[in-house]
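Peer 1: Supplied in structure tokens, the structure appears directly below.
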Protein chains: 2
Amino acid sequence: MRVSRKQVEENKRIILEAAGRLFRERGFEAVTVTDVMKAAGLTHGGFYGYFKSKEELIAQTIAGLQGGTEPLSVDLSSVARRYLSPEHRDDYGHGCPLAALASEVSRQPGAARSEMTGVLKRQFVRFGKIAPGADDEERRRAAIGSSAAMIGALILARMTDDPDLSAEILDETRAWLSDSDPEGSASHRLSGKNPRVED
Amino acid sequence: MRVSRKQVEENKRIILEAAGRLFRERGFEAVTVTDVMKAAGLTHGGFYGYFKSKEELIAQTIAGLQGGTEPLSVDLSSVARRYLSPEHRDDYGHGCPLAALASEVSRQPGAARSEMTGVLKRQFVRFGKIAPGADDEERRRAAIGSSAAMIGALILARMTDDPDLSAEILDETRAWLSDSDPEGSASHRLSGKNPRVED
DNA sequence: CATTATACATGATAGCAATCATATATACAA
DNA sequence: TTGTATATATGATTGCTATCATGTATAATG
């Protein structure tokens, strides 16, 4: 049965939201078109009215996964505390799309990769604004490095079946990010001076 | 036709090697049993003489993927230079199993996860021996943090379809790892003092 | 050398998933 | 209100993949 135009728009949003959650939870391949439609409260048949193919669904889903675009108002240290928390680790469905999907996207066709590249570029810019560093170059470097460390740590913490090791990865990576150099000075990578953040 | 026992042993090694390469290149799901057997120079039928299931093949493949167990004789900085090189980035098939497969392993059943956990633990121990730090605790922290950063960076560099961004991720993460704190002191995370490494 | 066990090939089987075909109910236009 | 367009449901279809069944050549064994 036909539904209203507003409902169609709403349905598309619901489908993309369901896909975003399911893909992050189970990956692209393990999620079927039927799964997505069912999660959206519809049946599989209507799918091709919305998308040309599953491939297109994947690309559009990634395009919609861009986290908030408003500037972060906290320092990187707070971001790391939340990012590297057990809660985030255990919540694939609502967590960081890069940690959940970057590996799979590597093996996806063009559109998915370019959409996810957009997500990544925005992430670096956002982080660059709050990262410590004397100039823009240093801040961008810190944004890239600490993003890689956080994403890598989350992936590893999710991978292992050893709960102690998983917690250790989160905790030690967080500490290592805040830590400074091996001499134990007071400098902190993530909480150092940053001209753009007021205390 | 039956083959010699030596040949059987050899065939199993060839199958596992082919699987290791194919899985890292394309992931577990995209590689079929037939693909693996063909790459090993056999046909699909014989597969179940070697493995109870594809799941078992995956677990045994991961078990065989443990990189060298001999201690690293270089410092972390050299390791990072090779790990974060374009050559490693482009060689999925022979590269780091953690970067290629950690995300997928998260969604695999128990055996695969525990085998990969073993790979990870050994990696931390190996890195801990050459990581900078005043004591074992600091060195382990550095091993975990820099592993996470390198693996995360490789995953992101492989994901993006923007060649400049990909190179930037590798280069900046390497520099960030060697860099010290935001104040620009002379300390270096990866090349700092390490009592166990002689120059 | 004769017998037996077995590794591998060929060829099902069964199930699942993407995609397509068609029917129907209903929003929308007139 | 009437007619038409279309969103969705139901139900193929097609192709792929894991797994199994069977035959056969040949290594092992005595």
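Peer 1: For the stretch A:76-178, which whole percent of the accessible surface, found with a 1.4 angstrom probe, sits on carbon and sulfur atoms?
Peer 2: Percent of accessible area from carbon and sulfur atoms in the stretch A:76-178: 49.
Peer 1: Counting only residues 5 or more places away or on other chains, whose amide H sits under 5 Å from the amide H of residue A:161 once H atoms are built in the peptide plane?
Peer 2: Placed amide hydrogens put B:117 under 5 Å from residue A:161.
Peer 1: Next question, about the same structure. Could you tell me which helices of chain A pass both thresholds, a Cα extent of 18 Å or more along their own axis and a mean Kyte-Doolittle hydropathy of at least -1.0, with helices taken as whole DSSP H runs?
Peer 2: Correct list, ordered by number: A:110-130, A:136-159, A:163-178.
Peer 1: Compare the Cα positions of A:19, A:46, A:120 along the charge dipole of chain A (+1 at Cβ of Lys, Arg; -1 at Cβ of Asp, Glu; about the Cα centre) and return the one farthest towards the positive end.
Peer 2: After comparing all options, I get A:46.
Peer 1: To continue, here is another question. Placing unit charges on C-beta atoms (Lys and Arg positive, Asp and Glu negative, everything else neutral), compute the dipole magnitude of chain A about its Cα centre in debye, rounded to 20.
Peer 2: So the magnitude is around 1180 debye.
Peer 1: Ignore the peptide's own chain and count Cβ atoms of other chains within 10 Å of each Cβ in A:103-111; give me the average, rounded.
Peer 2: If you average over the peptide's residues, the count of other-chain Cβ atoms is 5.
Peer 1: In peptide A:165-171, what is the residue-averaged number of other protein chain Cβ atoms found within 10 Å of each Cβ?
Peer 2: Counting Cβ atoms of other protein chains within 10 Å of each residue's Cβ and averaging gives 3.
Peer 1: Taking only the alpha-carbon positions of the protein assembly as shown and ignoring solvent, what does the Debye formula give for the base-10 log of I(q)/I(0) at q = 0.07, 0.08, 0.13 Å⁻¹?
Peer 2: The Debye formula, applied to the Cα set alone, gives -0.35, -0.45, -1.09.
Peer 1: What accessible area, summed over both chains, is buried at the A-B interface (1.4 Å probe, Å², nearest 100)?
Peer 2: So the total buried area for this chain pair works out to about 5300 Å².
Peer 1: Provide an ascending nm list, one decimal, of label-point separations from residue B:175 to the equivalent residue in each further copy; define each label point as 7 Å from Cα along Cα→Cβ.
Peer 2: Spelled out, the distances from residue B:175's label point are 3.0 nm.
Peer 1: Hey, for residue A:78 with labels 7 Å out along Cα-Cβ, what do the inter-copy distances come to in nm, ordered shortest first?
Peer 2: 4.4
Peer 1: Also: Projected area of chain A, taken from the Cα convex hull and averaged over every viewing direction, in nm²?
Peer 2: Computed as one quarter of the Cα hull surface, the answer is 13.4 nm².
Peer 1: Next question, about the same structure. Could you sort B:107, A:26 by their accessible area in this structure, using a 1.4 Å probe and putting the largest first?
Peer 2: The most accessible residue leads, giving A:26, B:107.
Peer 1: Right, another one. What are the distances, in nm and sorted shortest first, from the label point of residue B:52 to the label points of the same position in each other copy, with each label point placed 7 Å from Cα along the Cα-to-Cβ direction?
Peer 2: Ordered by distance, the counterparts are at 4.6 nm.
Peer 1: Moving on to the next point. As a check on your reading of the symmetry: which chain B residue has its Cβ nearest the axis that brings B onto A, and how far is it in Å?
Peer 2: B:152, 1
Peer 1: Compute the accessible area per residue over the protein assembly as shown, keeping the other protein chains in place, probe 1.4 Å, unit Å².
Peer 2: 47 Å²
Peer 1: Still on this structure, I have one more. In peptide B:124-130, how many Cβ atoms from other protein chains are near each Cβ within 10 Å, on average?
Peer 2: Average neighbour count from other chains, rounded to a whole number: 1.
Peer 1: Still on this structure, please answer the following. At 0.36 nm per residue, and after removing the present C-alpha to C-alpha distance, how many nm does the segment from residue B:125 to residue B:52 gain when stretched out fully?
Peer 2: Extra length from residue B:125 to residue B:52 when fully extended: 23.0 nm.
Peer 1: Okay, moving on. Given the pairs B:12/B:129; A:54/A:129; A:38/B:38; A:6/A:54; A:6/A:121, which span a C-alpha to C-alpha distance of over 26 angstrom in this model?
Peer 2: B:12/B:129; A:54/A:129; A:38/B:38; A:6/A:121, as the Cα separations exceed 26 Å there.
Peer 1: If you don't mind, another one. List the residues, sorted by chain then number, that are 5 or more residues from residue A:30 or on another chain and whose placed amide H is less than 5 Å from its amide H.
Peer 2: Counting only residues 5 or more places away or on other chains, the set is empty.
Peer 1: Here's a follow-up. Enumerate the whole-percent occupancy of each 10 Å bin, from 0 to the last occupied one, for all C-alpha pair distances of the stretch A:5-63.
Peer 2: 25, 64, 11, 0
Peer 1: Going by a 1.4 Å probe on protein heavy atoms, which residues of the stretch A:141-155 end up with at least 50 Å² less accessible surface in the whole assembly than in their chain alone?
Peer 2: The answer is A:141, A:144, A:148, A:155 - residues whose exposure falls by at least 50 Å² when every protein chain is included.
The values are calculated or read from the model by the stated rules, or taken from the named source; none is laboratory data. On a predicted model such as this, the values are computed, not experimentally measured, just so you know. Every residue, glycine among them, receives a Cβ derived from its backbone with ideal geometry; neighbour counts consider all protein chains shown. For accessibility, only protein heavy atoms count, side chains too; no ligands or nucleic acids. Shrake-Rupley method; radii C 1.70, N 1.55, O 1.52, S 1.80 Å.
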